[in-house]
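Comments concern the structure below.
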Amino acid sequence: MCCGMATGCVNPTTESSVRSVEAAVVEVDCAQAGQVIKSFGTMFRVTPNVVLGAYHPVADCVPEYPQGVTVAGKWATVVNTIPSKDLVYLSSMGRAVARVRTEPLRVGEPVTMVGTPQDSGFLEVRGRVLRTGMVLNEGKERIVRGTAEVSGVCVPGMSGGPVVDSSGRVAGVILAVTNHSTWVMPV
């Protein structure tokens, strides 16, 4: 499904480079007593037991509801957090796993950002890497070094989703959106 607010948004196609990660993408919610309190992002499986995504959405949920994170409707636990890179790893059982690349992002490289914003289904936003080695500064509470800026504007709920290269490998994690671009953390 395409979203009018996302710049570079496309309808998923069978030829898309993100088909290889689509099954590994999961929606993450903050829940209590089986009831979803709020949906806060997208993450993806890097192993059958571990999900990777942006830390900042989870950070709001965990202190208030420490046992309240669900991945694809199943309870998950926080395995590791790296606030300085805005990344979190959750333990959650699943089958599909995304392939992760080891090469750094390159300026000019085409990428596709993937997420599951609330009530929008699976969404792809295409763009190109504009700059690398950047500092994302959102005030004293959130300064993240080593980020990349990508053309194409994602929508709320895509934070934590994968940034996929033209070979279908995950190259980064969506962190933040400005009026004209998206900020990602290379993996």
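Placing a pseudo-label 7 Å from each Cα along the Cα-to-Cβ vector at Val79 and Asn137 gives an inter-label distance of 3.4 nm. The Cβ shell under 15 Å around Leu130 holds other residues with a net charge of +2, Lys and Arg each +1, Asp and Glu each -1.
All of the numbers you see were taken from the coordinates with simple rules; none came from a lab. No experiment lies behind these values; they were computed from the predicted model shown. Cβ atoms come from the backbone with ideal geometry, glycine included; neighbour counts cover every protein chain shown.
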